[in-house]
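The values are calculated or read from the model by the stated rules, or taken from the named source; none is laboratory data. Keep in mind the model is a prediction, meaning the values are calculated, not measured. Every residue, glycine as well, gets a Cβ built from its backbone with ideal geometry; the counts of neighbours run over all protein chains shown. The protein model used for the area step is the full one, side chains on, heavy atoms only, and it has no ligands, DNA or RNA in it. Shrake-Rupley method; radii C 1.70, N 1.55, O 1.52, S 1.80 Å.
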Amino acid sequence: MKQSTVIGLKRTLRIISIIFIVFCLFMFIGYQLEPENPEHAITTYEIIQLSLFGIGLLGLVVALKWEFVGGIIATGSYVILAIVNPVVLIPTLLYIWPGISILFIFIALDERKRK
């Protein structure tokens, strides 16, 4: 790819990543402030899913600085989450997460190839 294309794609991915991370944090905070069933105790299964989701978001944060490492972390956590809970494979806005992380990996590999 051309250098200008790579720079534009990196900027776009970073902006989309930041928007996605902020949106997820707002949704999580909003849910914690007003849970739909306050008497419901969180299960171990839900804790595992939330932890994997948090690791994926952390991977996207890391990808803002180090594309390859962050992309691997985010993609790996999504794959494990899909194994734990196959419902995440139903098409939703959640597909933004693996899409961004895979593009971060491709950008890092392209930059390594050029060097």
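Structure data summary
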| read-out | value |
| --- | --- |
| Rounded tilt (10° steps) of 3-33 against the dominant C-alpha axis of the chain | 10 |
| Accessible area of the stretch 1-43 divided out per residue, in Å², using a probe of 1.4 angstrom | 82 |
| In degrees, nearest ten, helix 44-63 long axis to first principal axis of the chain (Cα) | 20 |
| Selection from Leu103, Ser77, Leu50 lying farthest towards where the dipole of the chain points positive, charges on Cβ | Leu103 |
| Coil-residue chymotrypsin sites (Phe, Trp or Tyr not before Pro) of the stretch 32-115, DSSP, other Cβ within 10 Å capped at 15 | Trp66 |
| Gain in span if fully extended, Ile47 to Trp66, counting 0.36 nm per residue against the direct Cα distance | 4.1 nm |
| Of Ile80, Ile16, Ile42, the one that fluctuates the most in a GNM where the chain has Cα springs shorter than 10 Å | Ile42 |
| 5 Å binning of all Cα-Cα separations within the chain, expressed as whole percents from 0 upward | 2, 11, 19, 22, 18, 12, 7, 4, 2, 1, 1, 0 |
| Length gained when the stretch Ile18-Asn37 is fully extended (0.36 nm per residue, less Cα-Cα span) | 3.9 nm |
| On Cα atoms only, tilt of 96-114 relative to the major axis of the chain in degrees | 20 |
